[in-house]
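Remarks on the structure that follows.
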Amino acid sequence: MPIASVTMYEAQQAQAKPTSNPKAGLAGFVCSVLGLSFPLVGTVGLILSIIGYRRAKRFGMASGLSIAGIVIGAVTTVLGIAVVVVIVILLAGGYVGAHPTVTVTTGSARYDRQVKQAIAVLRVDPNDASALTAAAEGYRKAANDVGGYWQRQHDLSLAAAYYWRLAALPDSRLAPDPSTVRVSALQYEAQLCTAMGDYALAAESYRRELKIEPHNYALYFRLASSDQRAGFSADAMAAFRRFLKLDPRSPYAAKAKAALAKIKAQMSVP
């Protein structure tokens, strides 16, 4: 190749080379720095910085910004992964052992130990009847000790949840008297739901109890009252009528008739 041509070729090549850090490296550095506040952006910065570094090496130019972007981007990426892991652990931690609460702290220090010991057993055996009973009673008694509304609601709801689980156990786990244990659990569950103002769940508890004790006529009155307060007028009427038919001489008969008349007036039912 003639000398003039070589000189011209080298000049063109020199002119074609970038004279500053590649744009990818600059963008990567900026994104990596932003990643200190937004970890996801830092990951983008890491990728761009690597691209910028490779281009800088290819053209034989300074790669300081790219290297800095790689370092900062790597740090922010690791931090981002750590944050995600912590969030996942915190979200999942409350359900380990299949118990219905993230925290085992009650509103009363007197019952914290009882509840914690019960939940420790439930982590090993979620169907341990004694542990479910202990947890339910611990939260129920704690609810009677606390004055704060939200803490009391918290303890009541967890007590009801444990009683529900206890009542749902198979007979083999409630031996030697499954019916008695189940009825007691459902009674407490209904009372707790009523105390929380959840009359629909209270009514459901009474329905479950009636399947075990169909001749306990007082349950029809409680069921009807819960249905009425929950706004289930038709169900309440049916339950009140059933109660009056089965136990017309009950001390609650007058209240049942008055409630039935009120529902009829509201619904304009003859």
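Of the residues in region 122-140, at least one is part of a helix (DSSP H, G or I), within 20 Å of the chain's Cα centre (by Cα) and surrounded by fewer than 17 Cβ atoms within 10 Å (Cβ to Cβ).
From the list ALA190, ALA195, the one residue that fits, being out of contact with any Ser or Thr (no Cβ under 8 Å at 6 or more places or on another chain) and assigned to a helix (DSSP H, G or I), is ALA195. Of the residues ALA131, ALA175, the single one that is out of contact with any Lys or Arg (no Cβ under 6 Å at 6 or more places or on another chain) and at pLDDT 95 or above is ALA131. Of all residues in region 208-233, those that are part of a helix (DSSP H, G or I), of a type outside the set (Ser, Thr, Tyr) and buried (at least 17 other Cβ atoms within 10 Å of the Cβ) total 11.
In the set ALA202, ALA256, ALA236, only one residue is within 22 Å of ALA135 (Cβ to Cβ) and either surrounded by 15 or more Cβ atoms within 10 Å (Cβ to Cβ) or touching a residue at least 12 places away in the same chain (Cβ under 8 Å) (or both); that residue is ALA202.
Consider PRO214 carefully, then state whether it is at pLDDT below 95 and closer than 28 Å to PRO251 by Cβ. Yes: the conditions hold for PRO214. Restricting attention to region 244-270, the residues being assigned to a loop (DSSP other than H, G, I, E, B) and in contact with a helix residue (DSSP H, G or I) (Cβ under 8 Å, 6 or more places away or on another chain) number 5.
The values are calculated or read from the model by the stated rules, or taken from the named source; none is laboratory data. No experiment lies behind these values; they were computed from the predicted model shown. In this analysis, Cβ positions are derived from the backbone assuming ideal geometry, glycine residues included, and neighbour counts consider all displayed protein chains.
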